[in-house]
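See structure below.
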Amino acid sequence: MTEPPADPSPVQPRPVRRSPDPLLLILGGVAAGVALMVDRQVRPGLYVCAISLAVAALLRLGLRQRDAGNLVVRSRHVDVAVLLAAAVAVAVLAAITPFPQLG
């Protein structure tokens, strides 16, 4: 048997375009909050962490499942509820906890 002639221009698959994972943005915000806490600004650092969690909840609510990346854990409603509850808990604890004056 003879082999069919080789195709001079084989079809190349298109490269997959991926949007950046929104979790990286959230991790950056939490890292900024931790950096503030290390710099002895505990309460503002906790507020930055709480804001980052709230932004994560808003992103999970607004983005499609395919675009939400690693923010998707369970159903949309459960993810948003857990993230918002964590954000409120961190903010409330930052507001009511008496931190000693450092520095």
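The values are calculated or read from the model by the stated rules, or taken from the named source; none is laboratory data. Quick caveat: nothing in here was measured; it's all calculated off a predicted structure. In this analysis, Cβ positions are derived from the backbone assuming ideal geometry, glycine residues included, and neighbour counts consider all displayed protein chains.
Could you please let me know if Ala91 is modelled with pLDDT of 95 or more and touching a helix residue (DSSP H, G or I) at 6+ places or on another chain (Cβ under 8 Å)?
yes
May I ask you to list the residues in region 22-43 that are surrounded by fewer than 13 Cβ atoms within 10 Å (Cβ to Cβ) and in a loop (DSSP other than H, G, I, E, B)?
Once the filter is applied, which keeps residues that are surrounded by fewer than 13 Cβ atoms within 10 Å (Cβ to Cβ) and in a loop (DSSP other than H, G, I, E, B), region 22-43 yields Asp39, Arg40.
Residues of region 65-85 being β-branched (Val, Ile, Thr), in a helix (DSSP H, G or I), free of Cβ contacts under 8 Å to residues at least 12 places away in the same chain and under 15 Å from Pro22 (Cα atoms), which ones?
Our first condition is that a residue be β-branched (Val, Ile, Thr); within region 65-85, this holds for 72-73, 78, 80, 82.
Those left that are additionally in a helix (DSSP H, G or I): 78, 80, 82.
After this cut, where a residue has to be free of Cβ contacts under 8 Å to residues at least 12 places away in the same chain as well, the list is 78, 82.
Answer for region 65-85, where residues must be β-branched (Val, Ile, Thr), in a helix (DSSP H, G or I), free of Cβ contacts under 8 Å to residues at least 12 places away in the same chain and under 15 Å from Pro22 (Cα atoms): there is none.
Go through region 65-88 and give me each residue that's surrounded by 11 or more Cβ atoms within 10 Å (Cβ to Cβ) and at pLDDT below 95.
If the condition is that a residue be surrounded by 11 or more Cβ atoms within 10 Å (Cβ to Cβ) and at pLDDT below 95, then Gln65, Asp67, Ala68, Gly69, Asn70, Leu71, Val72, Val73 are the ones that fit.
Which residues, taken from region 47-68, are in contact with an Asp or Glu (Cβ under 7 Å, 6 or more places away or on another chain) and among the aromatic types (Phe, Trp, Tyr)?
none
Quick check on Val88: is it part of a helix (DSSP H, G or I), out of contact with any Gly (no Cβ under 9 Å at 6 or more places or on another chain) and free of Cβ contacts under 8 Å to residues at least 24 places away in the same chain? Full working, then the answer.
On the way: part of a helix (DSSP H, G or I): yes; out of contact with any Gly (no Cβ under 9 Å at 6 or more places or on another chain): yes; free of Cβ contacts under 8 Å to residues at least 24 places away in the same chain: no.
Spelling it out, it is not the case that Val88 is part of a helix (DSSP H, G or I), out of contact with any Gly (no Cβ under 9 Å at 6 or more places or on another chain) and free of Cβ contacts under 8 Å to residues at least 24 places away in the same chain.
Since Arg60 meets every condition but one in (1) assigned to a helix (DSSP H, G or I); (2) exposed (fewer than 11 other Cβ atoms within 10 Å of the Cβ); (3) not hydrophobic (A, V, I, L, M, F, W, C), which condition does it not meet?
Going through the list (1) assigned to a helix (DSSP H, G or I); (2) exposed (fewer than 11 other Cβ atoms within 10 Å of the Cβ); (3) not hydrophobic (A, V, I, L, M, F, W, C), Arg60 breaks only (2).
Give me the residue from region 1-52 that is among the polar types (S, T, N, Q) and either within 18 Å of Pro98 (Cα to Cα) or at pLDDT below 95 (or both) and, out of that set, nearest to the chain's Cα centre (by Cα). Before the answer, list the steps.
As a first pass, look at region 1-52 and keep what is among the polar types (S, T, N, Q): 2, 9, 12, 19, 41, 52.
Narrowing further to those that are either within 18 Å of Pro98 (Cα to Cα) or at pLDDT below 95 (or both): 2, 9, 12, 19, 41.
Numbers: Thr2: 56, Ser9: 42, Gln12: 33, Ser19: 13, Gln41: 23 Å.
Across region 1-52, the extreme among qualifying residues is Ser19.
If the Cβ limit is 7 Å and pairs must be 6+ apart or interchain, which residue in region 20-38 that is in contact (Cβ under 8 Å) with a residue 12 or more places away in the chain and within 17 Å of Asp79 (Cβ to Cβ) pairs with which residue that is in a loop (DSSP other than H, G, I, E, B) and not aromatic (Phe, Trp, Tyr)?
Pro22/Leu63
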